[in-house]
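The values are calculated or read from the model by the stated rules, or taken from the named source; none is laboratory data. Predicted, not measured: the structure shown is a model, and the values here were computed from it. All Cβ positions, glycine included, derive from the backbone under ideal geometry; neighbour counts span all protein chains shown. The accessibility values were calculated without ligands, DNA or RNA, using every heavy atom of the protein model including side chains. Shrake-Rupley method; radii C 1.70, N 1.55, O 1.52, S 1.80 Å.
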Amino acid sequence: VNIRNLLNTHQGERLMQPFLGINLRKYLFEQVNDDIIIKIQNDILDSIQLWLPFVEIRDIRVTSKKLDVGGNTLGLYIIFNIKQDPNTLDSVQVDIGE
């Protein structure tokens with residue numbers, strides 16, 4: 001739940017914590033290529049290391065979908081574990097879109 005909330009929060013959105021969140025919406029209308037995917041993954045890793053230091057990311061998958069009505073969606077699938085229990089994997093899937 002914490003990861004999902006962090007991914008869905010845009011920086012500046014939280015009162016008294018202007019740096020909480022990730023600006024993933026800025027990538028919605030970018031041409032998705034390897035460079036953009038690496039930037040998205042790095043943004044996610046940096047924010048999780050800062051705000052959720054007890055989480056260890058194992059894998060991040062990024063997909064992009066263009067919707068018929070002119071909107072775009074970024075699909076994020078993250079596999080992680082809690083550092084205190086490295087043998088237990090969990091995952092979260094989030095769609096960022098307009």
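Counting every alpha-carbon pair across the chain, the share separated by more than 21 Å comes to 33%. Per-residue ellipticity at 222 nm from helix content only, as computed over the chain with -39500 (n - 2.57) for each DSSP H run of at least four residues, stands at -8000 deg cm²/dmol. Extension gain for Asp90 to Glu13 (0.36 nm times residue separation, less C-alpha to C-alpha distance): 25.0 nm. Counting only residues at least eight positions apart within a chain, or on another chain, the lysines with an alpha carbon under 27 Å from that of Lys65 are Lys26, Lys39. Taking the Cα centre of the chain as reference, the dipole from Cβ charges on Lys and Arg (+1) and Asp and Glu (-1) amounts to some 120 debye. Charge tally around Asn42: other residues with Cβ under 13 Å, Lys/Arg +1 each, Asp/Glu -1 each, net -3. Averaged over its residues, the chain has an accessible area of 67 Å² per residue, based on protein heavy atoms and a 1.4 Å probe. Per atom type, the chain shows carbon and sulfur on 48% of its accessible surface, probed at 1.4 Å. The angle between the Cα long axis of helix 34-51 and the longest principal axis of the Cα atoms of the chain comes to about 40 degrees, rounded to the nearest 10. Projecting the Cα atoms of Asn23, Thr9, Ser47 onto the charge dipole of segment 5-50, computed from C-beta unit charges around the Cα centre, puts Thr9 farthest toward the positive end.
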